[in-house]
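Working notes, beginning with the structure itself.
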Amino acid sequence: MSEVREELLWLLFLVRFNMNNPIRNWRRQKKIHQFRNRIGTVETWTEIIAPPAQFAGEAPYVVALVRMDDGGFQYGMITDINSEDIVKGMKVRATVRVVSTGAAAEDIITYGLKFVPVDPV
């Protein structure tokens, strides 16, 4: 199985099964700032039109698999650009932004990686 396909399948698994676990969210958020401002290249992406309930307010949105310039892959939403303008090989920069918020005041605000274009279109 190709490396990109494995990463994409892992992304789908994470979105489906692991996003609502508060302990995992807390542990992941402690480490997420190390990826901020890293530059990468879009390898593949998909536009999510019918998202899970927690992301319904953001639909449609684009999720991409990004090959980081300093090695490895990361996934996240691509923001600040229209989905039609995204192309394979496009340079993006990782940012830390709110991914989801709970409905009640005591719910956890989840931060995650999102990507913005290095050279806006």
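Read-outs: derived from the displayed coordinates by stated rules, not from any lab. None of these values were measured; they are calculated from a predicted model. So basically every Cβ, Gly included, is an ideal-geometry build from the backbone, and we count neighbours across all protein chains shown.
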S100, S83 arranged by Cβ crowding within 10 Å, fewest neighbours leading: S83, S100
Most to least packed among 49-56, 70-77 [average Cβ atoms within 10 Å]: 70-77, 49-56
Simple label model, 7 Å out from Cα along Cβ direction - A59 to R36, nm: 3.2
Sorted by Cβ neighbour density within 10 Å, fewest at the top, the residues K114, K91: K91, K114
